[in-house]
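Chemist: Below: one structure in structure tokens.
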Amino acid sequence: MDPITIIGLLIALGTTFGAMTMAGIDPMTIFFADPGSIILVFGGAVGATLASNTMEDAVGAGKVMVKAVAAPKQPDKEETIQQLLGFAETARKEGLLALESAAKEIDDPFLRKGIEMSVDGTDPEIVREVLETEIEATQARHGAGAGFFTTAAGFSPAFGVAGTVIGLIDMLNNLSDPSALGPALAVAFATTLWGVFLANYIFQPIAQKLRRVSELEIAYKELVLEDILSIQAGSSPRAVSDRLVAYLTATQQEAMQEKKSA
Amino acid sequence: MDPITIIGLLIALGTTFGAMTMAGIDPMTIFFADPGSIILVFGGAVGATLASNTMEDAVGAGKVMVKAVAAPKQPDKEETIQQLLGFAETARKEGLLALESAAKEIDDPFLRKGIEMSVDGTDPEIVREVLETEIEATQARHGAGAGFFTTAAGFSPAFGVAGTVIGLIDMLNNLSDPSALGPALAVAFATTLWGVFLANYIFQPIAQKLRRVSELEIAYKELVLEDILSIQAGSSPRAVSDRLVAYLTATQQEAMQEKKSA
Amino acid sequence: MDPITIIGLLIALGTTFGAMTMAGIDPMTIFFADPGSIILVFGGAVGATLASNTMEDAVGAGKVMVKAVAAPKQPDKEETIQQLLGFAETARKEGLLALESAAKEIDDPFLRKGIEMSVDGTDPEIVREVLETEIEATQARHGAGAGFFTTAAGFSPAFGVAGTVIGLIDMLNNLSDPSALGPALAVAFATTLWGVFLANYIFQPIAQKLRRVSELEIAYKELVLEDILSIQAGSSPRAVSDRLVAYLTATQQEAMQEKKSA
Amino acid sequence: MDPITIIGLLIALGTTFGAMTMAGIDPMTIFFADPGSIILVFGGAVGATLASNTMEDAVGAGKVMVKAVAAPKQPDKEETIQQLLGFAETARKEGLLALESAAKEIDDPFLRKGIEMSVDGTDPEIVREVLETEIEATQARHGAGAGFFTTAAGFSPAFGVAGTVIGLIDMLNNLSDPSALGPALAVAFATTLWGVFLANYIFQPIAQKLRRVSELEIAYKELVLEDILSIQAGSSPRAVSDRLVAYLTATQQEAMQEKKSA
Amino acid sequence: MDPITIIGLLIALGTTFGAMTMAGIDPMTIFFADPGSIILVFGGAVGATLASNTMEDAVGAGKVMVKAVAAPKQPDKEETIQQLLGFAETARKEGLLALESAAKEIDDPFLRKGIEMSVDGTDPEIVREVLETEIEATQARHGAGAGFFTTAAGFSPAFGVAGTVIGLIDMLNNLSDPSALGPALAVAFATTLWGVFLANYIFQPIAQKLRRVSELEIAYKELVLEDILSIQAGSSPRAVSDRLVAYLTATQQEAMQEKKSA
């Protein structure tokens, strides 16, 4: 698990509450004095976002949120490279069928499916089509998940403004008691705060994290796809290796070179 | 019917009115005290949106709004997969002509048209061209419908601001009666509220829902198109099945696997 | 002529002035009390837009504005379909030369040019290239026209803000006479109002209408282009018809089917 | 030289100063009372823009600014058409070598280079590649130039806001002398004004003009490129002419037709 | 090293502090009077940005920041052209193997790798694929780096607003001591200032600089890639030269021509 999303959110929340405490402001009186503010902004943003999506998207959004926060560790690039190189060498020397037992032990279902299809003698065109359809379907699912939170992040400040304007109008209609004006305005602004808060501390980081994780997963799958097809076509392990290594950073390339020489 | 859009809008409206009631604010005095606000914002946003479109778009916008709110259920993916697999098997064993009677019973007009053309012996290139033209035309119609509401959502806050500035100028010209200032300002802000309200509770969710429904419908049609062509070309049911299954989520794939084994 | 743009603008203006009258606000005192506001915003927005374009764009912008407001009726799709089907049948039965006299009576210059080139025996590749160049040139001209008004809509609120800030600064420098503050602020906000007004009641609807009209015209020309090439290639009227019909909505398709049966 | 950019900027500035004079506001006291405002906004916007670019971009930005304001006249389309038609006819009748002396007298270096390469017997693929590289390099240089001013236009209002907030904070810390508040606020708002001013009267028009001039130059070069290749391939002058004419507006096409008949 | 980013940032900061000093405002009391403001905005923006990325991106962001500020000098175009021309001539006359010793002395690892693969007799398709994968991987790494700072620039003003609203609410809840209102508001606005400051003086310039440097590096690598393949294919040095020169500005082309003649 990549803890950075939880760490980042804790930093954002911690520094906010820390700064408030330093200034002698009690976070509770700011955020929770008026529960109506939270209900209006959260209910509005979530309601409008649900209305903008399908039932399936709504159910899926809960799942991907966990994924964004837990941020599953990306597959180790070097390990995958070693594994694919091993497959390329075996396929070259002993033929594709020799990969049958190795295929069963692959963790990554995408890679396993591709190798299994190759071993089964599936036409390379079909292998490419099936794996590309899987990549596209994954991308569409990721996009729908990230889109759900982007929509929510877009609606939040708008509902915050709506609540503040409602509060302002109410206050302007009841100007007779000047001593109540300050607290009334404070309550009105609490919805603005919740709008900004939900968008920037919660929805936006989740949406962007999902997009980033998706980007990495798709890039990784595209690389694996090309390599499965190379292995099936019986390319030399050298060609497979050269492309894989080009994908690493200069630092990673050197580290790998050193390990090889050692 | 997918009830999520209605549920979502009810949540957004319900929490807003609930929060107002909790704070002792009468929603009627906020939203409906000044009918001119509603007329100005709604008339302005709808008028400017109509002016930005053609007569045909304006007529169509009414229809698609119903579609967005009612949100027709998406075709059941698993059912379609079973149906297409059945067609692929029949076509393989008994030839395309054997699909003639089955074709008449297909509910989905797009799929029916494709199968009928195949049965009629239409050239595959023409089948692809006709179905792709239909997909493009559907996409263009959906885009025009969603675009209508996106435009309306964009204009609403601008007309809200216009109304508020009009109210402010009027108030500043009549500062002589201080006791009237509060209510005058309240009326001025009511247009801001209606601008935010129309955009975020109504137009924006409809526009986004239409875009999402269109996205799903187009993706589904593109999948069906490829499969009709595979069936016409006499591909093995296995190849048709592999691509179809790749389109499902991992959970759906497992569920399907289990059903198959059972 | 499609009257929707004029209707839409009249609705937007009418409801604005109606709402003002309802609230007892005289539109004249709001919009025209300070002619300097209009001059600053209109002059600034138009000047900056002219500066952003070439002399040719500036001259062209006047012409396309008339086009956007008058909104020339789109060619009748069904009529075009009938005409193209007739051409396809004639070309099939009697050869392309038989279209010579019919070609002269075509109203649409784009279609006429294409049919004439076909009748003249021009190489199909040249026909495609010439018609595609015409489509691209049309698209570029439309884009420049719509872009002119999009730019103007973008500049208007900025000049409105500039004027308001100028008014504010002047007022803050002359705070000695409190009774003059209200009217001074009112004048300052009049430029904000004009900025919002010009952008949303005028420039933005024109820009969006031009884009929409262009979109429809280009889609229509692309359809006609493909059909001219099909006719020249001697495709069966059935194939031409199938693609044309796919372009219609389901309702239009049924209506056409009924007419055919009748 | 196309004077429209200078005319447009003069209109924008003239109407602004005119409107201020009409309202009895002295532009000098608004714009130049606080030189610090100008320094902060201009220095901030230019500094941040320089920091966002390379040294080469910074040097180039000065040159392209002159280009945007002076707006070099676009090549005369009709003249180019006549010239290219002449070349096509000569090449057809007397061979490409006959263009050798004519090539030396071509003003446009892009067209000259293309014709010279053709005369030299360069492989058509190389001619295309070299000219396309030149188009891409031109486009990249134009994009960098326009991007410089777009960046500056984006930074200006932000630095204007920064300056205003600095002024506000300073004023709020020194509330003891109420009579100084107005002028202090006026100075604070002067930076907002300069931010809006620099962005909308200067940087934005220059950026947009550069984009528009680039668009036209690239479209023209792409047309010339296709025609050079047609001439080299020995296409009929008719084909070259048809494509060239399709690029003109309907009005220009008629004007040309008339001249031809005359 | 290209000093422009440091110069630009110094100009932006210098003019801001200069303008403040000119106006008799002590920068320290504005920026550092309330350390909580800095903590809230900086902690919030960095925390939310970290939460939006992976651990690897977070580590990489530090490195690329140094790169943006130090702005490594772009490779000298003319020198590269001379070098590539030399390679093309050698390859033509003495064969690819003659480049073996020269390849070892190439500084640029991308060019060296390409030449070495060519010398080793690697299949041109593999050379292209490996170098294109390297370009794509570089582009993805650059995009992630620039994206980190774009995200941070987007979050900064939002956290500035959040802090200001928190301050406002606190002040409105404690209106009893009017003399404390000014300083309380000043502290509230300090977070707005820091939000604008971090976004526009720091994060945005770094993000844009990274994008610009990446753009140049990718364009350069694409040019080198095409030339390596030309050299491997044994194209004439003339063809290699023509494309390379087309990439230079008119001024650079003339300068090079003169040097050649000299």
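The values are calculated or read from the model by the stated rules, or taken from the named source; none is laboratory data. Note that the structure is a prediction, hence the values are computed from the model and not measured. Neighbour counts are summed over all protein chains in view; Cβ atoms, including those assigned to glycine, are modelled from backbone coordinates with ideal geometry. The area values use the complete protein model at the heavy-atom level, side chains included, leaving out ligands, DNA and RNA. Shrake-Rupley method; radii C 1.70, N 1.55, O 1.52, S 1.80 Å.
Chemist: Considering each of A:Gly60, A:Gly47, A:Gly14, A:Gly18 in turn, give the residue that is buried (at least 21 other Cβ atoms within 10 Å of the Cβ) and in a helix (DSSP H, G or I).
Modeler: After applying the criteria, what remains is A:Gly47.
Chemist: Taking segment D:108-120, which residues are more than 10 Å from every other protein chain (Cβ to nearest Cβ) and either free of Cβ contacts under 8 Å to residues at least 24 places away in the same chain or under 20 Å from E:Ala233 (Cα atoms) (or both)?
Modeler: D:Arg112, D:Glu116, D:Val119
Chemist: Counting only residues that are hydrophobic (A, V, I, L, M, F, W, C) and closer than 14 Å to A:Ser241 by Cβ, how many does segment A:71-116 have?
Modeler: So the answer is 6.
Chemist: Specify the residue that is modelled with the lowest pLDDT; the eligible residues are those in segment A:174-209 that are among the aromatic types (Phe, Trp, Tyr) and more than 21 Å from the chain's Cα centre (by Cα).
Modeler: Checking each candidate, the answer is A:Phe189.
Chemist: A further question follows. Which is closer than 30 Å to A:Phe155 by Cβ and of a type in the set (Gly, Ala, Ser), of B:Ser176, B:Ser156?
Modeler: B:Ser156
Chemist: Let me ask another. List the pairs whose first member sits in segment B:121-136 and is more than 13 Å from B:Phe110 (Cβ to Cβ), whose second member is acidic (Asp, Glu) and in a helix (DSSP H, G or I), and whose Cβ atoms are under 9 Å apart, counting only residues at least 6 apart or on separate chains?
Modeler: The qualifying pairs are B:Thr122/B:Glu116; B:Thr122/C:Asp242; B:Ile126/C:Asp242; B:Glu129/C:Glu226; B:Glu129/C:Asp242.
Chemist: Can you tell me how many residues in segment A:1-21 are facing another protein chain (nearest Cβ under 7 Å), more than 24 Å from the chain's Cα centre (by Cα) and hydrophobic (A, V, I, L, M, F, W, C)?
Modeler: Selection size over segment A:1-21: 2.
Chemist: What pairs can you find where one residue is in segment B:3-19 and touching a residue at least 40 places away in the same chain (Cβ under 8 Å), the other is of a type in the set (Lys, Arg) and in a helix (DSSP H, G or I), and their Cβ atoms are less than 7 Å apart, with a gap of 6+ or different chains?
Modeler: Going by the 7 Å Cβ cut-off, the qualifying pairs are B:Thr5/B:Lys209.
Chemist: Is segment D:62-77 home to any residue that is away from chain E (no Cβ under 11 Å) and either touching a Phe, Trp or Tyr at 6+ places or on another chain (Cβ under 6 Å) or modelled with pLDDT of 85 or more (or both)?
Modeler: There is no residue in segment D:62-77 that is away from chain E (no Cβ under 11 Å) and either touching a Phe, Trp or Tyr at 6+ places or on another chain (Cβ under 6 Å) or modelled with pLDDT of 85 or more (or both).
Chemist: While we're looking at this one, here's another question. With respect to A:Leu185, is the statement that it is crowded, with 22+ Cβ neighbours inside 10 Å and not basic (Lys, Arg) true?
Modeler: Here the answer is no, as A:Leu185 does not meet what is asked.
Chemist: So, in segment E:63-93, of the ones that are open to solvent by 70 Å² or more (accessible area, probe 1.4 Å), in a helix (DSSP H, G or I) and not polar (S, T, N, Q), which residue ends up farthest from E:Leu210 (Cα to Cα)?
Modeler: Among residues in segment E:63-93 that are open to solvent by 70 Å² or more (accessible area, probe 1.4 Å), in a helix (DSSP H, G or I) and not polar (S, T, N, Q), the one farthest from E:Leu210 (Cα to Cα) is E:Lys93.
Chemist: So which residues in segment D:21-42 are of a type outside the set (A, V, I, L, M) and either open to solvent by 10 Å² or more (accessible area, probe 1.4 Å) or within 19 Å of C:Phe42 (Cα to Cα) (or both)?
Modeler: Passing the criteria: D:Thr21, D:Gly24, D:Asp26, D:Pro27, D:Thr29, D:Phe32, D:Asp34, D:Pro35, D:Phe42.
Residue-by-condition table, conditions (1) of a type outside the set (A, V, I, L, M); (2) within 14 Å of chain C (Cβ to nearest Cβ):
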| position | (1), (2) |
| --- | --- |
| D:Glu125 | yes, no |
| D:Glu136 | yes, no |
| D:Ala153 | no, yes |
| D:Ile169 | no, no |
| D:Asn174 | yes, no |
| D:Thr191 | yes, yes |
| D:Val196 | no, yes |
| D:Pro205 | yes, yes |
| D:Leu216 | no, yes |
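Chemist: Same structure, new question: Report, by residue number, each residue of segment D:200-229 that is open to solvent by less than 20 Å² (accessible area, probe 1.4 Å) and either of a type in the set (S, T, N, Q) or free of Cβ contacts under 8 Å to residues at least 60 places away in the same chain (or both).
Modeler: Selection gives D:Ser214 alone.
Chemist: Has segment C:24-35 got at least one residue that is farther than 23 Å from C:Val245 by Cα and either in contact with a strand residue (DSSP E or B) (Cβ under 7 Å, 6 or more places away or on another chain) or of a type in the set (D, E, K, R) (or both)?
Modeler: yes
Chemist: It is to be established whether one or more residues within segment E:126-138 are within 27 Å of D:Asn173 (Cβ to Cβ), over 18 Å from the mean Cα position of the chain (by Cα) and open to solvent by 10 Å² or more (accessible area, probe 1.4 Å).
Modeler: Within segment E:126-138, none of the residues are within 27 Å of D:Asn173 (Cβ to Cβ), over 18 Å from the mean Cα position of the chain (by Cα) and open to solvent by 10 Å² or more (accessible area, probe 1.4 Å).
Chemist: Same structure, new question: With the requirement that a residue be within 24 Å of E:Ala219 (Cβ to Cβ) and either without any contact (Cβ under 8 Å) to a residue 40 or more places away in the chain or of a type in the set (Asp, Glu) (or both), what does segment E:72-98 give you?
Modeler: E:Asp76, E:Glu78, E:Glu79, E:Gln82, E:Gln83, E:Gly86
Chemist: Show the residue pairs meeting these rules: Cβ distance below 7 Å; 6+ apart or different chains; first residue within segment A:22-43 and within 7 Å of another protein chain (Cβ to nearest Cβ); second residue in a loop (DSSP other than H, G, I, E, B) and not charged (D, E, K, R).
Modeler: Cβ pairs passing all conditions: A:Gly36/B:Ala23.
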